[in-house]
Amino acid sequence: MSNQKKRNFQIEAFKHRVVVDPKYADKTWKILEHAIHEIYNHNASGLSFEELYRNAYNMVLHKFGEKLYDGLVATMTSHLREISKSIEAAQGDSFLEELNRKWNDHNKALQMIRDILMYMDRTYIPSTHKTPVHELGLNLWRDNIIHSSKIQTRLQNTLLELVHRERTGEVIDRGLMRNIVKMLMDLGSSVYQEDFEKPFLEVSAEFYRGESQKFIECCDCGDYLKKAEKRLNEEIERVTHYLDSKSEVKITNVVEKEMIANHMLRLVHMENSGLVNMLLDDKYEDLGRMYNLFRRVPNGLSTIREVMTSHLRETGKQLVTDPERLKDPVEFVQRLLDEKDKYDSIISNAFNNDKTFQNALNSSFEYFINLNARSPEFISLFVDDKLRKGLKGVSEEDVEIILDKVMMLFRYLQEKDVFEKYYKQHLAKRLLSGKTVSDDAERSLIVKLKTECGYQFTSKLEGMFTDMKTSQDTMQGFYASHLELGDARTLVVQVLTTGSWPTQPGVTCNLPAEMSALCEKFRSYYLGTHTGRRLSWQTNMGTADVKATFGKGGQKHELNVSTYQMCVLMLFNNAERLSYKEIEQATEIPAADLKRCLQSMACVKGKNVLRKEPMSKDIGEEDVFFVNDKFTSKFYKVKIGTVVAQKESEPEKQETRQRVEEDRKPQIEAAIVRIMKSRRVLDHNNIITEVTKQLQSRFLANPTEIKKRIESLIERDFLERDSVDRKLYRYLA
């Protein structure tokens with residue numbers, strides 16, 4: 001077997017040829033062509049689709065696909081030309097209806113034709129890269145109907161006319177519009193865009209340009225914005241009803257540009273109704289509308305923000321520099337808080353809590369609050385007023401709200417240390433006179449200040465509270481060791497730590513003999529229980545209750561007075577009449593304090609326990625004083641305040657400012673040393689920047705003062721100048 005040759009087998013086809021009828025293709029095509037005519041003529045019910053499909057299948061199988069395809073194009077084209085004529089003949093409103101009807105017919109026909117020619121669609125068309133049947137039908141419709149010379153312009157004008165009619169208030173057939181626009185979209189995005197969208201946007205721009213011009217001439221800002229908003233919503237609605245969703249951005253851009261962007265400045269500055277008027281009149285709805293419309297256009301919100309900031313800074317500047325408004329510090333701060341509340345409400349209700357607007361508001365407040373050097377003092381006076389009497393009967397929540405608002409203003413202050421100085425003075429007076437409404441409120445504010453500025457800022461304030469508590473314990477010990485004084489606690493002493501309390505100049509005052517003896521006993525007790533301490537009496541900060549009997553009727557009252565007033569009144573136990581000079585000599589009270597003290601007892605109606613000759617509002621050095629026997633009051637206890645300016649006088653202001661400047665020097669030096677210790681070498685400008693940044697939570701450091709402190713540190717060998725570059729400093733360990 002192995003030696004035998006291998007044989008190769010071949011299978012050959014029959015030599016017999018299948019002969020196709022030469023007229024087969026023509027005959028078959030005639031059948032199919034007739035079927036297409038019948039479909040277009042709405043007579044498809046009598047056709048056998050199975051037979052037609054087989055005929056089309058055989059034509060493609062026998063390589064007559066090209067004849068079939070070309071025949072299809074020619075037949076459909078001839079039908080579409082006829083359809084075109086019938087559409088052209090339609091008049092008026094029936095034009096679009098006819099077009100829509102024929103389009104629906106064409107789509108149905110196309111569906112049937114595609115079913116018949118499915119085999120050609122699947123095999124012949126992909127292999128020859130021709131257009132598929134359905135797409136071919138759409139292209140032929142586009143070329144023969146939509147782009148027909150007599151239909152194209154007419155269709156475009158008709159659609160634009162309908163849109164215009166709808167804009168001017170007419171009711172149109174939206175369903176028909178939707179069908180026609182969908183037809184254009186089905187024919188391809190380029191057809192929709194070129195034949196409708198592009199001219200639609202151009203006509204719309206022209207329409208809104210004219211309308212906005214007309215509106216702006218006759219409407220105020222609020223009405224104009226309402227109309228613009230209405231138009232914008234109408235266009236968005238129009239898109240949802242019968243336009244391509246992608247057209248929404250384009251048409252809204254047109255409305256925004258023509259109705260808002262082009263008139264932005266004129267709208268915000270419109271006389272009697274622009275942005276400033278809306279802000280003044282709290283027109284939340286109009287402001288919200290303006291915000292929502294302007295945010296849609298470039299630079300819209302920045303325009304509103306700039307106008308608001310400019311207006312706010314201007315009104316704020318007037319508020320803090322108007323001499324009339326500076327007369328009452330509490331009213332001054334209340335106005336600031338009201339202004340802040342007003343704009344917070346506007347930003348919250350109308351400007352969607354926009355952070356950029358909030359930042360603009362904060363920077364504006366910081367700008368104008370610091371224009372007035374007395375703002376820290378006034379804010380402290382406001383707190384003083386509230387914590388003395390303004391919070392009586394107010395709930396804890398409301399107290400917290402008021403304190404939070406004060407803290408908000410405090411944050412805007414650049415000179416926080418000046419506030420601290422005044423706050424300490426006012427707190428001291430409240431604590432010593434027992435006039436604080438609520439210890440909880442006092443402590444709450446100190447906690448807030450501590451959170452904001454750190455422990456260093458509030459440590460002395462907390463020390464003041466500690467002293468008050470310690471003093472109570474000391475007084476209990478004093479009376480326990482002096483039982484001979486009995487239960488009547490004639491003397492109450494508060495022992496204050498010098499560093500924690502505002503420094504007061506040591507003022508001498510001759511106390512009455514009865515008081516001096518008691519004070520000496522306390523001094524001996526205190527120094528006996530505490531070693532290494534010194535006591536100095538601050539008579540200018542004390543108060544006293546004096547029992548007095550007036551006139552022949554013996555009317556009795558208990559007078560609540562200052563220590564100075566008590567010293568003056570006690571003199572009248574031993575004298576009928578005393579001259580100013582005699583009082584001054586006996587008490588040694590400083591002249592300014594003595595005059596205020598006498599003025600409050602002799603010149604204030606209802607509190608005039610003394611009388612003077614000659615009668616006048618001011619105290620003169622030649623005046624003579626005597627007890628007012630006719631003094632009456634419906635109250636047994638009568639509080640006689642001291643005539644005192646609520647605000648500081650000019651010399652006091654200068655003195656406080658000087659103390660603040662002195663306190664700043666060690667802080668600036670400490671900051672310079674801290675920075676230089678970590679950096680070792682630094683140039684002058686960078687030191688200034690770093691120091692300013694480090695200290696800005698307490699105050700705005702003056703570059704000149706920083707320079708002086710650097711010089712001082714160089715003299716004391718903390719720093720040295722570089723031998724080559726004189727602007728460079730080195731740290732000396």
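The values are calculated or read from the model by the stated rules, or taken from the named source; none is laboratory data. All values reported here derive from a predicted model rather than from experimental measurement. Virtual Cβ from ideal backbone geometry, glycine too; neighbours counted across all protein chains shown. To get the accessible areas, we keep the full protein, side chains included, count just its heavy atoms, and leave off ligands, DNA and RNA. Shrake-Rupley method; radii C 1.70, N 1.55, O 1.52, S 1.80 Å.
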| So what's Rg/Rh here for region 150-298, counting alpha carbon atoms and using the Kirkwood radius for Rh? | 1.04
| note | In whole percent, the fraction of accessible protein surface over the chain that belongs to carbon or sulfur atoms, probe radius 1.4 Å, stands at 49
| field | DSSP-loop chymotrypsin sites (Phe, Trp or Tyr not before Pro) across region 604-637, with at most 15 other Cβ within 10 angstrom | value | Phe635, Tyr636
| task | Would you please put 715-728, 558-571, 197-210 in order of how densely packed they are, using the mean number of other Cβ atoms within 10 angstrom per residue and starting with the highest? | result | 558-571, 197-210, 715-728
| request: Evaluate the relative contact order of the chain (contact order divided by residue number), counting alpha-carbon pairs under 8 angstrom at least 6 apart; express in whole percent. | output: 6
| field | Phi-based couplings in Hz for region 596-607 (Karplus 6.51, -1.76, 1.60; Gly and Pro marked x) | value | 5, 5, 5, 4, 6, 9, 10, 10, 9, 4, x, 10
| request: Find the accessible area per residue for the chain; the probe is 1.4 Å, ligands and nucleic acids are left out, and the unit is Å². | output: 55
| note | Quick P(r) readout (region 543-639; Cα-Cα; 10 Å bins; whole %) gives 16, 55, 27, 2
| task | Positive end of the charge dipole of the chain (Lys, Arg +1 and Asp, Glu -1 on Cβ, about the Cα centre): tell me which of Leu361, Asn574, Thr451 has its Cα farthest that way. | result | Thr451
| query | Pick the calculated volume of the Cα convex hull per residue in Å³ for this structure from [x] 276; [y] 447; [z] 369? | reply | [y]
| Selection of GluC sites (Glu not before Pro), region 255-294, meeting DSSP coil and at most 13 other Cβ within 10 Å | Glu271
| task | Quick one: plug the Kirkwood hydrodynamic radius of region 467-529 (C-alpha pairs) into Stokes-Einstein at 37 °C, 0.692 mPa s, and report D in µm²/s. | result | 251
| message | What whole-number distance in Å separates the alpha-carbon centres of region 140-218 and region 324-365? | response | 50
| query | At what distance in angstrom do the alpha carbon centres of region 236-268 and region 60-123 lie from each other? | reply | 39
| message | Could you report the accessible area of Ser438 in Å², rounded to 10, computed with a 1.4 Å probe on the protein chains as they sit in the structure? | response | 40
| field | When each of Lys108/Lys150; Lys230/Lys317; Lys327/Lys607 is checked by Cα-Cα distance, pairs over 27 Å | value | Lys230/Lys317
| Where Cys509, Cys218, Cys603 fall by accessible area, highest first, once all protein chains stay in place (1.4 Å) | Cys218, Cys603, Cys509
| request: Principal axes first, then extents: for the Cα atoms of region 304-466, list largest minus smallest coordinate on each axis, whole Å, largest first. | output: 51, 33, 32
| Against the longest alpha carbon principal axis of the chain, how many degrees, from 0 to 90 and to the nearest 10, is the axis of helix 375-385 turned? | 70
